[in-house]
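The block underneath contains the structure these notes are about, expressed in structure tokens.
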Amino acid sequence: MDDDARRRRAGRMKMLAILLVCAAPVIASYLTYYVIRPEGRTNYGTLIEPLRAVGPLGTIVAAGGTRQQAGGIDSLRGRWIMLVVAPAACDAGCRQRLYEVRQVRLTTGKDRDRVERVWLIEDDASPDPALLAQHEGLVLMRAGVEAFAQALPATPGTRVSDHIYVIDPLGNLMMRFPQDADPSRMKKDLAKLLRASRVG
């Protein structure tokens, strides 16, 4: 009787060990994802969570100074949008961000037609025509500060105009790049988004 009991106990222990070995990877993955949540990220920009629809945001007044286009940001749905917010006077930081979004878009090669660049002008003044001439295809929108202050979150201690924002093809704000962002790292993020996207 003792031998039978010992054999049964040994059999149960072996079965339990086999189950644990099989279940260990699944348990480890659940613990890692839901409990430990590693801080390492593969993206450079800050993901906006949860995604938020940007709504009307503003009115398109021109695109690159060459074509008129009615409507708001919804009329650009189906494309990825890199958004810069700044007054029409466009200081050195604004000019740098416009340059960066232009260059990052160009580095996407054949995918560049999937990306729109939008300058959301936060006042009623007119931008410098010479500046617009350097940014052919740039979509100009106009909106008051109140219209986008809540829709576009900034990092604490910065302004909305310090960042470059990414809006997905469904009209959701989904990423914000930091102040003085690194264009090569922005390019990597955008390339990943374009590769992974089935829309836009």
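Identify the residue in region 143-200 that is polar (S, T, N, Q) and farther than 20 Å from Ile73 by Cβ and, among all such residues, is modelled with the lowest pLDDT.
Filtering first and then ranking leaves Thr155.
Applying the selection to region 160-180, what residues are surrounded by 15 or more Cβ atoms within 10 Å (Cβ to Cβ), within 12 Å of Gly93 (Cβ to Cβ) and among the charged types (D, E, K, R)?
Of everything in region 160-180, just one residue is surrounded by 15 or more Cβ atoms within 10 Å (Cβ to Cβ), within 12 Å of Gly93 (Cβ to Cβ) and among the charged types (D, E, K, R), namely Asp162.
In region 1-60, how many are loosely packed, with under 10 Cβ neighbours inside 10 Å, under 18 Å from Val166 (Cβ atoms), modelled with pLDDT of 65 or more and not hydroxyl-bearing (Ser, Thr, Tyr)?
2
The values are calculated or read from the model by the stated rules, or taken from the named source; none is laboratory data. Keep in mind that what you see is a predicted model, and the values were worked out from it rather than measured. Heads up, the Cβs are rebuilt from the backbone with ideal geometry, glycines too, and the neighbour counts pull from every protein chain shown.
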